Every structure is written in C-alpha cells, then in structure tokens.
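K.L.:
This is the structure, below, for whatever I ask next.
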Amino acid sequence: MAFGDNMKEIDDPSLKNPDDSEKYESSIHDERIRNAPQLVQDYYAGKACKFEKGLFRVLVAKKSNRCIFIIMIMLAAIVFIKNNLSNNGNITVLDGYECELQSFSYDETVFASVKIHPVAKTRQQLKKEKSSEEIPLEKLEKEVKISFCGITDADAKVPFEEEVTGKVYDSQQFFRTSTKDYDIIKVSAFITVGSESNEITVNVNKKVQ
C-alpha cells in the first residue's frame, strides 16, 4: 500500500497555482483589515500619522482642539487681568494725571506719599496750551487734595491728622505725610485732582525696627 493512499486531499490554494495562493492570502489580509479597529484601517489607508505642521495648526486642526485652545486663551486673559488689577490697586488716573500711592513704616512711624504726573496725552496738550499766551499758567494747573487713612489688622481706620493739598502742572510732584501708629498695615488715600476723585489703597512695606 502506498504511503499516501489513506491521506485526504487538502483543499489548500497554496498547493495549487502560486497566483491563486497570492490572491487567497491577499483576500485574507483585506478581510482582517475590514474587521480591524478604525485606527488600523486608517493606518493602512494612509490616513493615520499625518500631523499638521506648526503648533497653532495642531491646536486648531480639530473642533475639540479649537475649543480647548479658546478656553486656554480665556483663562490666560482672566489671570492677566486679575494680576494687573491686584498689582495696580494703588494707581489711578484722575483728570489726565496718574496718581500712585506708596507707603512704608520705620520706627513705629508710617510714611505715605502720592506721586502725581500727567499722562502722555495730557502732557502733549499742556505743551500746546503752554505755548499760547492767551491762557495763564494758573488756569492750566490742577488743584490737588489728598486725605490719608491708615487701616489696621483688625480693619480699624486711623485717619491721618492733616489733609495734604497742592497743585500739579506738567511735571512730577510728590505729596507726603506720616503718622505714629505701628499697627497700620495698609494706607488708603482719597485723592482729588481737578474735577475727579478716587480712593486707592496700598499695603505698608515691611516694617523696619
């Protein structure tokens, strides 16, 4: 009996025509891809691993990315505005003049000063008006009134004794005062320049003993 008499014939295309074998393997490969996850299908279709050039293009490439990008910008804007408001709480602009409050303490005495100077637009306007002989200097000057008040850790208000007054024109001016009270941690100043008024506050710098 021959060795292969009882062997069953296997219907395998690879044992027949080589071209049929390649077609068979190709069809199996295609079937596997069709049943594979979308990411795999995209990969074989040449759609995967395509990255936009540039960070901005990546951020706006998809709708979800654009939403995240806009949220990031809004959060950054909020932080920026908040920081500027908190840092510039001791500065105000009144009737074209910038006023900056400063304060420090030494030997149980709190010193406070307000620096006032015209903003750029006001300075330019003053130069034009100054060159005109029709407008007297007295009318170009602005009256200044400042009432200082100390604030303790218990939020108690301690008014300074005297109101500081003076005038400003086209140069920088300082208005200073002091008071004896070591418990003051903040100083507020109600400032009037010309026809406008506002109150600003500043922390007293670290006390020096």
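Throughout, read-outs are computed from the coordinates displayed, never taken from laboratory work. Keep in mind that what you see is a predicted model, and the values were worked out from it rather than measured. Glycine gets a Cβ as well: all are built from the backbone with ideal geometry, and neighbour counts include every protein chain shown.
K.L.:
Compute the distance in nm between two label points, each set 7 Å from the Cα along the Cα-to-Cβ direction, one at Ser171 and one at Arg32.
P.N.:
Here the answer is 8.9 nm between the modelled labels.
K.L.:
Explain nothing, just the number: dipole magnitude of the range 89-208 about its Cα centre with +1 on each Lys and Arg Cβ and -1 on each Asp and Glu Cβ, in debye rounded to the nearest 20.
P.N.:
420 debye
K.L.:
Using label points projected 7 Å from each Cα along Cα→Cβ, tell me how many nm separate Ile78 and Ala156, to one decimal.
P.N.:
Distance between the two pseudo-spin positions: 3.9 nm.
K.L.:
How would you order 198-206, 139-147 from highest to lowest mean count of nearby Cβ atoms within 10 Å?
P.N.:
139-147, 198-206
K.L.:
Which order do Phe111, Phe174 fall in if you start with the one that has the fewest other Cβ atoms within 10 Å?
P.N.:
Working: Phe111 16, Phe174 12.
Going from least to most buried by this count: Phe174, Phe111.
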